[in-house]
Amino acid sequence: MLAPGLRRIPGSSRTLVPFVLTVLAVAAGIGAWVASSSRPVSTDGPALPAIPASEIRAVAYLEPDPALRADHLRVRALAQGAPARIIATFPYTFTGLHARGAASPAGDRIAVLAVDGTRGSAATLSLVELDGTVRVADGGFDYLSSLAWARDGSKFAVTATAEPGAVRVIEVDPSTLRLSELARFTGAFQVVPLGYSLDGGRLYIVVVDQSGSSLWMARGGVTERVAELSPGRTRDWALSPDGSRVAFVDILSASSRTYIGKTLTIATGAVTALPSGRNQVGAAWQPGNPLPVFGGPGGSLQLEDPNPSAAWVIPHAYAPLGDYVVISTVGAGTDPSSRPEAALWIASPESRELLTDVPAASFVGWVRGE
């Protein structure tokens, strides 16, 4: 199914259609954002080699099959109308606990967390090659853990609950499935491996606890607090491609706007918000663009043809070339706090094509083209 594409409204550095706002207010807000967001952070060494962007031209996603009580991991080339093939299947025991995954930036393998009942409520971690080969890591992991890959795909981080109240951040070598503990946090509501620095030497971790939301760094057996994101709860974190900034959504309970898109510049600790009068949810970075995009009713990324059945979008991730983005479309009047079911699309400024509208389907990442 093809439909009109997307537009970025002011607050982005690449506006796709005209949009009228008070010029001075928008200019002032964007100026503050860019000034605090564009300064890069230094690295401890040379950046890991980048994978040619032209090779990452397929989409991986998980699609439930209620009849089989299983989640199919599918890969589909970017070309319009290309068929999707199943490369792995993960049975689920508990309704609602569907498999979740993240593709390596190298585009050659995918890490998947699935609860099949063999480890109680703990998740099994599988590494899936694009040819369908599946290997399983030894141990139980947090089902809701994020999966943060190094730029070259040489390692990734996941969480596992230790004793009650303690969360371990585990680094996995995808070639050997060797596990090593990088950090441990106690008393946290959420521990979120976010991503690695360009050289792969530092892992950034978001921790949400009674003191609010903070960014931490794990390196060489040392864990240290880097900056405060918010004195309260946050969500929808995304590390910029150069590892210098974090886009996130601040949750303000006592405000007419509950969800506000913000950015943290790691080098300075400065946090700024992009002007918007409505809620923003979901964050993504377009390669080569100094500003993130946010979705939601007040997001900087919106449909060209808003209608009652698909009023706003949640961005997931841009293709490495920056020409396409995978999004979810969300119905009008949907509460952003509900984590709504939504259809998945491949979108560009010109068009969007439906990937799947099966409830609880989820985007996994961009992988090598076929």
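Quick note: the coordinates plus some simple rules give every number you see, no bench work behind them. Since the structure is predicted, the reported quantities are computational estimates derived from the model, not experimental observations. Please note: Cβ atoms are built from the backbone with ideal geometry, for glycine as well, and neighbour counts cover all protein chains shown.
Quick look at the values:
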read-out: Karplus-derived 3J(HN,Hα), 6.51/-1.76/1.60, for each residue of segment 160-165, Hz, glycine and proline x; value: 9, 6, 8, 5, x, x
read-out: Amide hydrogen neighbours beyond the local backbone of Phe294, cut-off 5 Å, H modeled; value: Ser300, Leu301
read-out: Two-site label geometry, Thr186 and Asp199: point separation in nm, points 7 Å out along Cα→Cβ; value: 3.3
read-out: Total formal charge among the other residues, if their Cβ is under 9 angstrom from that of Ala218, Lys/Arg +1 and Asp/Glu -1; value: 0
read-out: Percent of C-alpha pairs per 5 Å bin, segment 57-147, short to long; value: 3, 14, 25, 25, 19, 9, 4, 1, 0
read-out: Amide hydrogen neighbours beyond the local backbone of Leu229, cut-off 5 Å, H modeled; value: Ser213, Ser214, Leu215
read-out: Label-point gap, in nm, between Thr95 and Glu224 - each point 7 angstrom along Cα→Cβ; value: 5.1
read-out: Residues in segment 96-122 reached by a label modelled at Val136 [backbone nitrogen below 12 Å; 7 Å Cα→Cβ]; value: 114-120
